[in-house]
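Below is one structure; the comments refer to it alone.
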Amino acid sequence: MSEKKPGVYLCKGCGISDAVDVGALEKVGKNEFRIGHCVVSDALCSPESVASMQKDVADGAVNRMVVGACSPRVMADKFRFDGVPVVRANLREQVAWSQPAHEEDTEMLAADSIRMAAAQLAKTQQPTPAALGEISRTILVVGGGVTGLTAALEAAQSGYDALLVEKSDALGGWSNKWSMRAPHAPPYRDIYGNDIEALIAKVKANGRVRILTNATVAKTSGQPGAFDVVIAHGGQEVTEKVGAIVVATGWRPYDATKLTHLGYGASPDVVTGIEFEAMLAKGAPVKPSNGAPVKNIAFLQCAGSRDPNHLPYCSSVCCTASIKQALQVVKGDKDAMAYIVYEELRTPGTAEEFYREAQRNGVVFMKGKATSVDGKAMTVSYSDELLGEDVPLGGLDLIVLATGMVPNSTNVDAPAIEPEKSEAQLKDDINPVAPIKVSGYAHGEGSPWPHIDKGVPPGGPILNLQYRQGPHIPILADGFSDSHYICFPYETRRTGIYTAGPVRRPMDMAESAEDATGAVLKAIQALEGGAIGSSVHPRVGDLTFPKIGHEKCTKCRRCTVECPFGAIDEDEQGRPTVNFARCRRCGTCMGACPVQTITFDNYNPQMVNDMIEANEIPDEFSEKPRILVLACENDAYPAIDMAGIARSHWSPFVRIVPVRCLGSVTLQWISTALQKGYDGIMLMGCKSGDDYQCHFVKGSALAKERLGKVGETLKSLALEQERVSFEEMSIADSCRAPTVLDAFAKLVGDLPPNPMKGF
Amino acid sequence: MTTPAPAAAKTYDLSFARWVRDNVNGGDKLNLCMQCGACSGSCPIGVQMDYGPRKLFMMIRAGMKEEVLSANTQWNCTSCYRCVVRCPRGVPVTYILQDLAAKSAEFGYAKGPHENKNFAQAFWWSAATFGRTDERLVTMRYFFSLGFGEGFKRAMANLKTAIGMVKTGRMHIGLPHMTKGRKGLKAALAKAREIEQRN
């Protein structure tokens, strides 16, 4: 690499020069960091200033720069120069807009911002991506239902080959069995004919789609852009190279034989919604017991759903399905009456309009929980919440139990692989804060959420991943595949493998088709990203990757165990090897590594260490405490920025260092900060737990776990435990951020100063 | 369900909801009711009803035929239309109540001296005969329809009020007020009856 020529560019605009002495900041760069090339501009983002920066780069005057201006979250496109690492010092949102003008403390904060940026720049390199180059552009779709068919078709129409693998002998899945379908087009009132045949024909006619029925996936290895998939088909095993995988294995109905309390099995006239659908497909429904026409029919919603003894969750489609079936009944026979007994009718999205249509057509809705079902007398008793009494609905011809959806996140027909091992792994994976089963971390006995243990579904893995972390795609408590449902729902915890449709969450045909489309687009992004070495969500476009210093590595395996995405495998000698295209660049491995030998080109333990040390710590008599905030750049840092935009003020003693994820925080940084003389340290990041918001799934949970050890260290140093704190902060918490910072500053200010100051 | 007839025991009749839908004016809109209670909350005389319109509608759905048809709810409705104006789902509450009253009388749920029914009949007699409601005649007809003894008792009890009203010019003595075009009124009512028969 050629000689490092750093430059410092400072902006006076947006009120920065009204609040701080920019000239003094220039001196920090010049005198403390010996950076000769310091430029002050009235508005750094103006075309003239950007052009002059471009000229400096072109002339070879600078090849790396500190930009002291606004937050790194804005103007990224302006301050981007080819091959030039740029580090931003946030002088606007977190100094000028959030601190009183020209106070001594404000000036100190601004100077520290420049110091941290300069220290960061010294350890930043322009990344050289780990590109795969040659990749497979085929997308494997597992499951031939409406989701899988749509996924294959969308992939083909986007110019990618699709390989559709279906376990059964026919395409269409459950959709084959539906007589009609709920509305999926405006005005969302009419029942539509089932158009699955047309979709199947379209897929079959497409030359880019290869279909394998009676086929399953036997084994999967590799990474996005270069998966090797062994497909069992017709007694043979074929290896296929694919670039990405869409898992659309769908769902199965909840086992109704467990619903004897709702009369199932007592009479042939008590059926499930699925069975009734088959009756409707044959024509006007008749009583299974004697063939008489059905005149009075009751639908019992939440049959085995939202029930702690059965499925604890709402399947979201059963209400719409029952409405559809009731409408078919009353429209088919003017004399027929359909009663829907519900606790809460859940018709998400446009299905609300469909619900009204059913009311207009005379379907009777009864609000209450079914208390008893007499399958012999065909009477449903329910406690009517609107009347406040028990009402018997007698003389029914048919009782339909609206059962819920169970995700096919495992292959129930296949035996579990190494049952003991895979179950343990599954339990760890579904539990975002499961105790970590390698030495080094303190944790309590057992799982904090015992109910999750029961959520382990039966059967073998769908893809049989040949990963260090086991053969399964990680699942959540209720058995659905784990994904960050708020921000990037298709992303599973196995990069390049996307779940779509009801295996991810309960959904209907229209939603599944939409889901499939989204998943395919993400799959394309993943395989193309693999080709150029670029990350996928949430760090899209990041070209860095974790580099492991094998000479220092102790083979402790923490990184291979803790990677939330199963990106790191172990070679024969037990050394970690990174599958770069599987990596999401969160840095959780970096935070895990006890010897700090995992680094990224522009993010590494030494870099943050230097940033922490770069700040000036006033002596213990100055009454100016220093607080280090390690803020997650996904949620906490933007929340603080937004508080600045709102011109909220907070303690000037706070020094904020953005981190990729709290999972990347190494305990070394905390001990450095304590030794340097910081009086308090706060980790600020996303919510953890089974309703986590962490963008990297396990990062904040791991940080919390690791922090559990810090208390002991503090005690041994005779320091107060309150000095290190953990705060959950979501992006919506910007109004809370200043209060949290101030409260912590007060707490720390009330403690005696850190005795390590000045050593 | 064919035509309903009074039964002593409290029973739930699944077909009642369908019967209301098919036979009661506005009953086909009843299923649009989402039980928000805007009708009951708006009703100026809801306190005097056995059940508010919201509950009455839910009872219809639950098949509580006896309670519904013997309720005073439909009789106490003064047709102010506040519920109709406020109903977010466009349920014609007043029509349904009016027709439920007529149907409950028709099927013998308001047999014998029935305060609400008798008052309504006296009121309608005056309105249909004169095109006006005459307080004296409506009151007298209503009182004495409950039986001679009861009528005399009530008339005496209200005598002082009546004299006071006459003295202050609130009630007149003499022939009842009548509308000008009584012939036209009769013809209109006859036509209405004819249309009703036709349906």
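Every number in this text was worked out from the coordinates using simple rules, so none of it is lab data. What you see is a predicted model, and the numbers here were worked out from it, not measured in a lab. With ideal geometry, Cβ positions are generated from the backbone for all residues, glycine too; neighbour counts draw on all protein chains shown.
Brief remarks on what is shown
- Based on the convex hull around the alpha carbon atoms, the stretch B:81-127 presents an average projected area of 4.1 nm².
- Net lengthening on full extension, A:Asn206/A:Lys177 (0.36 nm per residue, minus Cα-Cα): 8.0 nm
- Taking amide H positions as modeled 1.01 Å from N, with prolines and chain starts lacking one, the residues under 5 Å from A:Gly68 and 5 or more places away or on another chain are A:Tyr9, A:Leu10, A:Cys11, A:Ala89.
- Scattering curve values for the stretch A:1-126, log₁₀ I(q)/I(0), Debye with Cα scatterers, q = 0.16, 0.20, 0.21 Å⁻¹: -0.69, -1.09, -1.21
- Length gained when the stretch A:Asp42-A:His261 is fully extended (0.36 nm per residue, less Cα-Cα span): 71.2 nm
- Overall dimensions of the stretch A:279-369 by Cα: Rg and Dmax, Å: 13.6, 39
- Net charge dipole, chain A: roughly 1200 debye, given to the nearest 20, about the Cα centre with Cβ charges of +1 for Lys and Arg and -1 for Asp and Glu.
- For chain B, diffusion coefficient by Stokes-Einstein and Kirkwood Rh (Cα), 25 °C, 0.890 mPa s, µm²/s: 130 µm²/s
- Cα point-scatterer Debye curve for the stretch A:667-723, base-10 log of I(q)/I(0) at q = 0.18, 0.26 Å⁻¹: -0.66, -1.04
- Taking only alpha carbon atoms, the stretch A:276-319 gives an Rg to Rh ratio of 1.11, where Rh is the Kirkwood radius.
- Cα-based equivalent ellipsoid, the stretch A:635-752: semi-axes from gyration tensor eigenvalues, Å: 22, 19, 11
- Rounded to whole Å, the principal axis extents of the Cα atoms in the stretch A:172-295 read 58, 38, 26, largest first.
- The aspartates and glutamates within cross-link reach of B:Lys55, meaning a Cα-to-Cα straight distance under 16 Å and a gap of 8 or more places when in the same chain, are A:Asp384, A:Glu385, A:Glu389, A:Asp390, B:Glu66, B:Glu67.
- Beta bridges by DSSP in chain A, antiparallel share as percent, to the nearest 5: 40 percent
- At q = 0.05, 0.07 Å⁻¹ the log10 of I(q)/I(0) for chain A amounts to -0.32, -0.61, computed by Debye summation with a single uniform scatterer per C-alpha, solvent ignored.
- In straight-distance terms, cross-link reach from A:Lys204 covers every one of the lysines whose alpha-carbon lies under 26 Å from its own, apart from those fewer than eight places away in the same chain; here that gives A:Lys167, A:Lys177, A:Lys219, A:Lys241, A:Lys522.
- Charge-dipole axis of the protein assembly as shown as Lys and Arg at +1 and Asp and Glu at -1 on Cβ define it, positive-most pick from A:Gly143, A:Pro415, A:Leu667: A:Gly143
- Inter-label distance, nm, simple model (7 Å from Cα along the C-beta direction), A:Glu623/A:Glu514: 5.9 nm
- The stretch B:16-106: equivalent-ellipsoid semi-axes (sqrt of 5 x gyration tensor eigenvalues, Cα, Å): 17, 15, 12
- Checking every one of the GluC sites (Glu not before Pro) in the stretch A:68-147 against DSSP loop status and a limit of 13 other Cβ atoms within 10 Å picks out A:Glu103, A:Glu134.
- When the trypsin sites (Lys or Arg not before Pro) in the stretch A:231-314 are filtered for DSSP coil states and for at most 15 other beta-carbon atoms within 10 Å of their beta-carbon, the remaining sites are A:Lys282.
- With both labels modelled 7 Å from their Cα along Cα-to-Cβ, the B:Ala128 to A:Glu722 distance reads 8.6 nm.
- Descending semi-axes in Å of the stretch A:91-214, equivalent ellipsoid built from Cα gyration tensor: 56, 25, 11
- Spacing of the modelled spin labels on A:Ala61 and A:Glu237, each 7 Å from Cα toward Cβ, amounts to 6.4 nm.
- Panel values: the stretch B:87-169, Kirkwood radius from alpha carbon pairs, Stokes-Einstein at 10 °C and 1.306 mPa s, translational diffusion coefficient 108 µm²/s.
- By average C-beta atoms within 10 angstrom, highest first, the peptides B:132-143, A:203-214: B:132-143, A:203-214
- Peptides ranked, highest mean first, by Cβ atoms within 10 Å: ranges A:713-723, A:20-30, B:65-75: B:65-75, A:20-30, A:713-723
- What you get for chain B, charging only the Cβ of Lys and Arg (+1) and of Asp and Glu (-1), is a dipole of about 640 debye around the Cα centre.
- Among the listed pairs A:Lys331/A:Lys376; B:Lys117/B:Lys153; B:Lys65/B:Lys117; B:Lys111/B:Lys191, those beyond 21 Å (Cα-Cα): A:Lys331/A:Lys376; B:Lys111/B:Lys191
- Divided by 2.2 N^0.38 Å, where N counts the residues, the Cα radius of gyration of the stretch A:571-644 comes to 1.52.
- R0 of 30 Å, Cβ-Cβ distance B:Lys180-B:Ala102: FRET efficiency to nearest 0.05: 0.55
- On the principal axes of its alpha-carbon atoms, the stretch A:547-599 has extents of 24, 23, 16 Å, going from largest to smallest.
- In angstrom, the C-alpha Rg and Dmax of the stretch A:70-154 are 22.9, 67.
- Relative frequency of Cα-Cα separations exceeding 20 Å in the stretch A:561-702, percent: 52 percent
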